[in-house]
1. Add +1 for every Lys or Arg and -1 for every Asp or Glu among the other residues with Cβ under 13 Å from the Cβ of residue 96, and state the total.
2. Please list 3J(HN,Hα) in residue order for the range 362-377, calculated via the Karplus relation 6.51 cos²θ - 1.76 cosθ + 1.60 where θ = phi - 60°; whole Hz, with x for glycine and proline.
3. Amide H neighbours of residue 387 under 5 Å, counting only residues 5+ apart in sequence or on other chains, H built in-plane at 1.01 Å?
4. Quick one: which of 301/323; 391/455; 319/404; 39/145; 301/408 span more than 23 angstrom between C-alpha atoms?
5. Would you grab the residues whose amide H sits under 5 Å from the one on residue 303? Only those 5+ places off in sequence or on another chain, please, with H modelled 1.01 Å from N.
6. Placing +1 at every Lys and Arg Cβ and -1 at every Asp and Glu Cβ, with all other atoms neutral, what dipole size does the range 2-87 have around its Cα centre, in debye to the nearest 20?
7. Mind listing the long-range amide H neighbours of residue 365? Cut-off is under 5 Å, sequence gap 5 or more, other chains count too, H placed in the peptide plane at 1.01 Å from N.
8. For the range 389-395, in order, what is each residue's ³J(HN,Hα) by Karplus, 6.51 cos²θ - 1.76 cosθ + 1.60 with θ = phi - 60°, in whole Hz (x at glycine and Pro)?
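Just so you know, all these numbers are worked out from the coordinates, no wet-lab data involved. The model shown is predicted, which means the values in this text are computed figures rather than measured ones. All Cβ positions, even for glycine, are placed from backbone atoms using ideal geometry, and neighbour counts span all protein chains on display.
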Amino acid sequence: MKKRLVIIVIAFCVSFVLLAVLSLFSIGRFVTYTEYSDKVDHTNKVIRDLYKVEVSLKDLDRSERGYLLTHDTSYLRHLNAAVDSLRPAIAELDVLLKQDPEQNHNIALLKSGVALRVNYGRQNIALVDSIHTTVLSEYYYEGRKTMLEAVQRLRQMHNVQNVLLNERFANQKVYQQLTTNTLRYLLIFFCLVTLVLFIIMVREFTARIRYQQELQAKVIDLRRSHNELQEIAYAASHDLQEPLRKIQVFSNMLLYRKDTEQAEKADELITRISSSAERMQSLITDLMSLTSLTNTDEDRKPVDLDVLIQELLADMNLKVREKGATITVQQMPVITGYAHQLSILFKALLDNSLKFCREGVPPVIAMTVEKTDGADLVEINPALAERQFWKITCTDNGIGFDNKFISKMFRIFQRLHAPQSDYEGKGIGLAICQRIMVNHEGYIIANGVPNEGAKFKLYFPVVG
């Protein structure tokens, strides 16, 4: 039990370390994926601002030419709007590309070119307004040339950003896939570890429950053994002393008898002494038979109850014919146990059914078997309700008994009939039966109806 607990603790620690390592690896992959996602967003913002600057430059050029051709002041409003949109776009580019030396140089050149283009545009418009002519001045051509250079610079910067965007987007996809796979494998590993640990814990819990049930069964067995010891002690102090007292009394009577008394009276006393001695010897033999059953050093072996009972019936054939009994036995199972003890058990049950039959009524004895649970045993141990048993029922039509005496039936030297009754016996047979059932981790239950018959149920645990 302790070894399994150590294994569980080690498995849990190893699983925890592996999960921690995988979790840290997953976090690292996710952080990298987030970094590349941010870089992709950053590059997209740069491309967007480059596009804004290019559009604003072209709007400035179109507005300037429109004003030169039409002298419509609405073109001046568009021109001023284009100039106003250039400033924040270039400023944002300056911030976004601050960490890129190459693009920083391009931004500086771009800002210079845009400033020149705006300046040429304003000088050109001022010149046109002062001389009132539609002839294109040198400022226009210089501005046009500066704008084309700026646009070319923007496209170069755009190409650089496109290459960078493709590279970063490819890395983002790689780390996205890697992060997804890592999380997937982490989840699978976590589920497997959780399942394995759950199975181990369930098995350990089941083993502990089974151990507790076995321990409870041992406690019940110990109580039975304790009760048997008390009964043996009572028998030694009461039942065995009764014939001893008779031997002493009759021996003293013989010792102090006068010679003139009749010799036949002495013979009667000697007969009584001999009878008491024989009775004490019989009781001691029965006690030895019971106590010998507590030693179960031999190994259990498969026992075919069908063969065993048929052999018993063959040995008891003469007694069965004398009683005119009818005995039916179902096909019995093979159980693991002690063949000699099982033979004693079933012989005692058959002897009881033949012995306690009603006068003038031929005994009818039936043995049946079925595989069932321990629902009938919950009063002994509630945990037995879930176990499987072979239930062998021995039923007869004899004199039966009152169920209020059931607790007395399985005690040593306890008889339900008076010693002077016509039914022989010393009251130890059922105590031996119960001890044999305990040795097989089984249970015996009795039920009876006066003048109708008795029923004994034997519960053998199903092994495997």
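1. Once all neighbours under 13 Å are counted, the net charge is -1.
2. Those phi angles translate into x, x, 10, 10, 10, 10, 10, 9, 7, 8, 8, 8, x, 4, 6, 10 Hz.
3. Residues meeting the criterion, in which the H sits 1.01 Å from N, are 374.
4. Where the Cα-Cα span goes over 23 Å, the pairs concerned are 301/323; 319/404; 39/145; 301/408.
5. 335, 336, 337
6. Dipole of the range 2-87, to the nearest 20 debye: 900 debye.
7. Those qualifying (amide H under 5 Å, at least 5 residues apart or on another chain) are 326, 327, 328.
8. Here the 3J(HN,Hα) series is 9, 8, 9, 9, 10, 10, 10 Hz.
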